[in-house]
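Below is one structure, written out as structure tokens, with a few remarks after it.
The values are calculated or read from the model by the stated rules, or taken from the named source; none is laboratory data. Remember, predicted model here, so these are calculated numbers, not experimental data. All Cβ positions, glycine included, derive from the backbone under ideal geometry; neighbour counts span all protein chains shown. We work out accessible area using only protein heavy atoms, side chains counted, and drop any ligands, DNA or RNA first. Shrake-Rupley method; radii C 1.70, N 1.55, O 1.52, S 1.80 Å.
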Amino acid sequence: MTESTTTRLPKTHPNPEGPVTLYYEIRVPNPEQAKVIDKIDALIAFMQGKTGYLSLSLKQMTGESTMVKNYPEHLKGVLAEGYIDNPKVPGVYSLLVRFADLEALESSGIQSWFEENIAPSLFAYSGTTKPPTKTGIALEVFKGVFITVAAGDRSAIYTTPHEIRHFLAHPSDEVGNASVTVENHVMINDRQVAQFNEKVKVLLSIAQETCRPDVNDADYDDAYPDGREGSKDNHHYRKAVTTEILQNAYPDGDLRAYLMHGVWESVYDHENSHIDPRFQQAAGPVGASVVSGPVEPFYRTIKQG
């Protein structure tokens, strides 16, 4: 995604209505990671009690989906820990802070807090000195305000502001459990937003409601109504824990950014879902509108409040 330096929308574009997410994507050099992670506890404390604050999650990138790009099946899951296993690259983190509306976001003070407490750590380090020393080279930060087009869990699909506000206030990916978050980054032509949103709602329903085996499969078992655990050697998968479509509240030139955000019980549950013909059929019309991406990293949730 391209860098955005302000959350205020152009005067020619209407402000988003309903709940919003302030999304940061940052790269943190190794010497600064412990400090940045610790500061998120202070941010959670700072946000508690703020009017309209719903929830916060910090996620660390661990790897990347191969099945979203239709790589050969024998490569399924091979990049699942491709980032976390490389100590030579900065850590990549996503910070999602949820608010009841844009006014609550802008009055919370979170943006100035970020500039004072996190931004000073986001500079490259020189690897030619021992120990490594901080340089004056700032690492790129992506920041954007997103609206939730639709969301779902294993109970229902949510599309109204009231439903989505409740969904955002009760995140499902608890710190320390084995779940994996995926964020599919894509961009489309801005003029196609309305049509794209209708197509992507269909895809969200399929992604949220399908599993394998299901009642139509010979090996279905009533003991596993949400499907069985996926693995490298099977095509089983359990339903997504949650799914969410996030649309950038404002365009980037002629383009518009989206995040297809989901929580799964395991990497292979996610990867196997992309092999399912039902998912592929629903994904076809959505993919036809994509002009940048898909890039679908895996994350683990390390802070939540």
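Which value, in Å², gives the accessible area per residue of segment 145-283 when a 1.4 Å probe is used on the protein heavy atoms? Walk me through the numbers before you get to the answer.
Values: 6080 Å² over 139 residues.
Accessible surface, normalised per residue, equals 44 Å².
Rounded to the nearest percent, how much of the accessible area of segment 63-154 (1.4 Å probe, protein heavy atoms only) is carbon and sulfur? Numbers along the way, then the final one.
Details: 2390 of 4380 Å².
That share works out to 55 percent.
Across the options 200, 231, 259, the greatest Cα extent toward the positive end of the charge dipole of segment 198-261 (unit charges at beta carbon of Lys, Arg, Asp, Glu) belongs to 259.
The residue list 304, 13, 279 was ranked by how far each Cα lies along the charge dipole of the chain toward its positive end, using unit charges on Cβ atoms, and 13 comes out on top. What the Cα convex hull of segment 93-161 gives, in volume per residue, is 137 Å³.
For segment 221-305, the dipole from Cβ point charges (+1 on Lys and Arg, -1 on Asp and Glu) about the Cα centre works out to 200 debye, to the nearest 20.
Suppose every Lys and Arg Cβ carries +1 and every Asp and Glu Cβ carries -1, with no other charges. What dipole size does the chain come out with about its Cα centre, to the nearest 20 debye? Intermediate values should be presented prior to the final figure.
Numbers: 28 positive and 40 negative charges, 174 e Å.
Dipole about the Cα centre, nearest 20: 840 debye.
Share of carbon and sulfur in the accessible area of segment 201-261 stands at 48%, probe radius 1.4 Å. Taking a straight line from the alpha carbon of residue 88, these aspartates and glutamates sit under 18 Å away, with near neighbours fewer than eight places off in the same chain left out: 32, 64, 140.
Is there a quick way to get the dipole size of segment 166-254? I mean about its Cα centre, with the Cβ of Lys and Arg at +1 and of Asp and Glu at -1; what is the value in debye to the nearest 20?
Numbers: 8 positive and 17 negative charges, 39 e Å.
For this selection, approximately 180 debye.
Of the three principal axes defined by the Cα atoms of segment 153-198, the extents in descending order read 40, 25, 16 Å. Between residue 81 and residue 119, the simple label model (points 7 Å from Cα in the Cβ direction) yields a spacing of 3.7 nm. The orientation-averaged projection of the convex hull spanning the C-alpha atoms of segment 123-193 amounts to 9.2 square nanometres. Of the cross-linked pairs 39/303; 59/130; 201/303; 76/239, which ones have a Cα-Cα span greater than 22 Å in the structure shown? 59/130; 201/303, as the Cα separations exceed 22 Å there.
Quick one: in segment 177-305, what % of C-alpha pairs are over 22 Å apart?
On the way: 3181 of 8256 pairs.
Distances greater than 22 Å cover 39 percent of the Cα pairs.
When you filter the GluC sites (Glu not before Pro) in segment 145-188 for DSSP loop state and at most 12 other Cβ atoms inside 10 Å of their Cβ, you are left with 174. With a ≥ b ≥ c the root eigenvalues of the C-alpha gyration tensor of segment 243-305, is it rounded (a/c under 1.5), prolate (a/b larger than b/c) or oblate? Oblate shape, in that a/c is at least 1.5 and b/c is the bigger or equal ratio. Taking the inverse of the mean 1/r over every pair of distinct Cα atoms in segment 55-103 gives a Kirkwood hydrodynamic radius of 13.1 Å.
Normalised by 2.2 N^0.38 Å, where N is the number of residues, the alpha-carbon radius of gyration of the chain equals 1.00. For segment 71-129, the solvent-accessible area with a 1.4 angstrom probe is 49 square angstrom per residue. Legend: helices of the chain (whole DSSP H runs) are marked when their alpha-carbon atoms reach 18 angstrom or more along the helix axis and their mean Kyte-Doolittle hydropathy is at least -0.5; marked are 30-47, 193-209. Projecting label points 7 angstrom from Cα along Cα→Cβ for residue 133 and residue 229 puts them 5.0 nm apart.
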